[in-house]
Ligand code: ATP
């Protein structure tokens, strides 16, 4: 393979830039040309493409966001849009494609691979950690660390005023950010889309913790359940402790990637190019049991994300 394309798609995630760098530098190492495609599939359809050199990716390993920018592109869902995307690849002599993004972006990659025969490799870049085939996605670790920073600060003020803090984190269908941020911040309760909550049980838990000497409580709620405001309102009706709501919002998406995310980015980017170099396409890369793996793209997108009930039980036991 002499020339490959690279795009970032869907929601941005810290570590996407580090992955772009790893793809470009590995490709150059093997004498493969790389074309960067702007704004995901939108740029592919509109022919917004530029050659990338060694120095095109200087000074980005530490930056959040994505240098190639990203977009959600409805046109890519249509056959006309897909044909246009393929035409752009052919026009530039691009023989393989690396797609950095989440579940939706992988569906686009699967379509290019399966329906149009374009060898495509997916790199999981999304803060949600909602892909079953990989233990971690790029950006998740940084996003959780951002949440921890904020929850630590909230804990200070909640303890001073003996309040309950309801903190809303991202996750429409997947509660992983709430689960990991909850366990590692010492939150007493998490509320996630995967598990139905009972407000009376939550009040019992809060009362028990107060009887045991706790002066504040942190409840981490995933956005997919409801807003922090709505949940705080509901809780305030059944408790005498003062409840406050905080929504972390888009801050979770930005910021300098953590060591863990930069390391994943380096390994994922490197692996993606190795696969294309060896003529292997239609795969996604990931990490399982601390090893970098690759898997058939169709199989990967068909796997349903499972919630980690063991970690949830751990939280219930240690956060009292
Ligand atoms: P995040 O997890 O951060 O939301 P994502 O990659 O899942 O990221 P989506 O908005 O779901 O984000 O998908 C990104 C883009 O992928 C879509 O805007 C669309 O262009 C393309 N895409 C999604 N599904 C398909 C599909 N079935 N066929 C072709 N392209 C698709």
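Going by the conditions given, is residue 148 surrounded by fewer than 23 Cβ atoms within 10 Å (Cβ to Cβ), more than 12 Å from the chain's Cα centre (by Cα) and either within 12 Å of the ligand (Cβ to nearest atom) or part of a helix (DSSP H, G or I) (or both)?
It is true that residue 148 is surrounded by fewer than 23 Cβ atoms within 10 Å (Cβ to Cβ), more than 12 Å from the chain's Cα centre (by Cα) and either within 12 Å of the ligand (Cβ to nearest atom) or part of a helix (DSSP H, G or I) (or both).
What's the total number of residues in segment 65-79 that are in a loop (DSSP other than H, G, I, E, B) and over 14 Å from residue 100 (Cβ atoms)?
Summing the residues that are in a loop (DSSP other than H, G, I, E, B) and over 14 Å from residue 100 (Cβ atoms) in segment 65-79 gives 3.
Taking strands (runs of 3 or more DSSP E) that fall entirely within segment 205-311, which contain at least 2 residues that are out of contact with any strand residue (DSSP E or B) (no Cβ under 6 Å at 6 or more places or on another chain)?
In segment 205-311, 283-288, 291-296 are the strands (runs of 3 or more DSSP E) which contain 2 or more residues that are out of contact with any strand residue (DSSP E or B) (no Cβ under 6 Å at 6 or more places or on another chain).
Among residues belonging to segment 93-114 that are more than 9 Å from the ligand (Cβ to nearest atom) and in a helix (DSSP H, G or I), point out the one that is farthest from residue 285 (Cα to Cα).
114
Taking interchain pairs and intrachain pairs at least six residues apart, which have beta carbon atoms under 9 angstrom, with the first residue in segment 71-86 and farther than 17 Å from residue 49 by Cβ and the second within 9 Å of the ligand (Cβ to nearest atom) and part of a loop (DSSP other than H, G, I, E, B)?
Partner pairs satisfying both residue conditions: 72/9; 72/10; 72/11.
Exactly one condition in (1) within 8 Å of the ligand (Cβ to nearest atom); (2) surrounded by fewer than 19 Cβ atoms within 10 Å (Cβ to Cβ) is false for residue 90; which is it?
(1)
Would you check if residue 172 is within 10 Å of the ligand (Cβ to nearest atom), assigned to a helix (DSSP H, G or I), farther than 30 Å from residue 214 by Cβ and touching a residue at least 12 places away in the same chain (Cβ under 8 Å)?
For residue 172, the condition - within 10 Å of the ligand (Cβ to nearest atom), assigned to a helix (DSSP H, G or I), farther than 30 Å from residue 214 by Cβ and touching a residue at least 12 places away in the same chain (Cβ under 8 Å) - is not met.
Going by the structure shown, is residue 130 farther than 20 Å from residue 49 by Cβ, part of a loop (DSSP other than H, G, I, E, B) and within 9 Å of the ligand (Cβ to nearest atom)?
yes
Can we say residue 70 is within 9 Å of the ligand (Cβ to nearest atom) and buried (at least 19 other Cβ atoms within 10 Å of the Cβ)?
yes
Considering segment 272-294 alone, what residues qualify as being surrounded by 18 or more Cβ atoms within 10 Å (Cβ to Cβ), over 17 Å from the mean Cα position of the chain (by Cα) and at negative phi?
Within segment 272-294, 272, 273, 275, 276, 281, 283, 294 qualify.
When you scan segment 206-220, how many residues do you find that are surrounded by 17 or more Cβ atoms within 10 Å (Cβ to Cβ) and either more than 19 Å from the chain's Cα centre (by Cα) or more than 19 Å from residue 318 (Cβ to Cβ) (or both)?
The number of residues fulfilling the criteria is 6.
Criterion first (touching a helix residue (DSSP H, G or I) at 6+ places or on another chain (Cβ under 9 Å) and loosely packed, with under 13 Cβ neighbours inside 10 Å) does residue 237 satisfy it?
yes
Among the residues of segment 54-64, count how many are in a loop (DSSP other than H, G, I, E, B) and surrounded by 13 or more Cβ atoms within 10 Å (Cβ to Cβ).
4
Please give the number of the condition residue 118 fails out of (1) within 26 Å of residue 172 (Cβ to Cβ); (2) part of a loop (DSSP other than H, G, I, E, B).
(1)
Among the numbered conditions (1) farther than 30 Å from residue 60 by Cβ; (2) without any contact (Cβ under 8 Å) to a residue 40 or more places away in the chain; (3) surrounded by fewer than 19 Cβ atoms within 10 Å (Cβ to Cβ), tell me where residue 202 comes up short.
Only one criterion is unmet by residue 202, namely (3).
Quick note: the coordinates plus some simple rules give every number you see, no bench work behind them. Bear in mind that the values here come from a model prediction, so they are computed numbers and not experimental data. As a convention, Cβ positions derive from the backbone with ideal geometry for all residues, glycine included, and neighbour counts pool all protein chains shown.
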